[in-house]
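The values are calculated or read from the model by the stated rules, or taken from the named source; none is laboratory data. Note that the coordinates shown come from a computational prediction; the quantities given were computed from them, not determined experimentally. Virtual Cβ from ideal backbone geometry, glycine too; neighbours counted across all protein chains shown. Side chains are part of the model used for accessible areas, which takes the heavy atoms of the whole protein and leaves out ligands, DNA and RNA. Shrake-Rupley method; radii C 1.70, N 1.55, O 1.52, S 1.80 Å.
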Amino acid sequence: MTIKDQADQEIEASRDGDVDIAFLLPEERWDEFLSLTGARPEGDPPEATYRGVRFKRAPVTAIIHEEGF
């Protein structure tokens, strides 16, 4: 399963109306994610939007919800 497939699954599982959601994405999979989704990184630390959801590169081992959302 690609990181894009994993992101799609997390997005589908987390959608709840117009709730703003964001995810932390493993640093070692960041380049793969950008390549497969066509998302463009912005800011520092890097953040990219895919399917209306924000993803941030982070020192995590799996895609997880960002705390505070």
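Observations
- Where residue 5 falls short, out of the listed (1) surrounded by 11 or more Cβ atoms within 10 Å (Cβ to Cβ); (2) modelled with pLDDT of 95 or more; (3) part of a helix (DSSP H, G or I): (1)
- Restricting the range 21-40 to residues that are farther than 12 Å from residue 3 by Cβ and over 11 Å from the mean Cα position of the chain (by Cα), the residue that is most open to solvent (accessible area, probe 1.4 Å): 40
- When residue 60 is tested against (1) part of a loop (DSSP other than H, G, I, E, B); (2) open to solvent by 40 Å² or more (accessible area, probe 1.4 Å), exactly one condition is not met: (2).
- The set of residues in the range 41-56 being modelled with pLDDT of 95 or more and under 19 Å from residue 1 (Cα atoms) consists of 50, 55.
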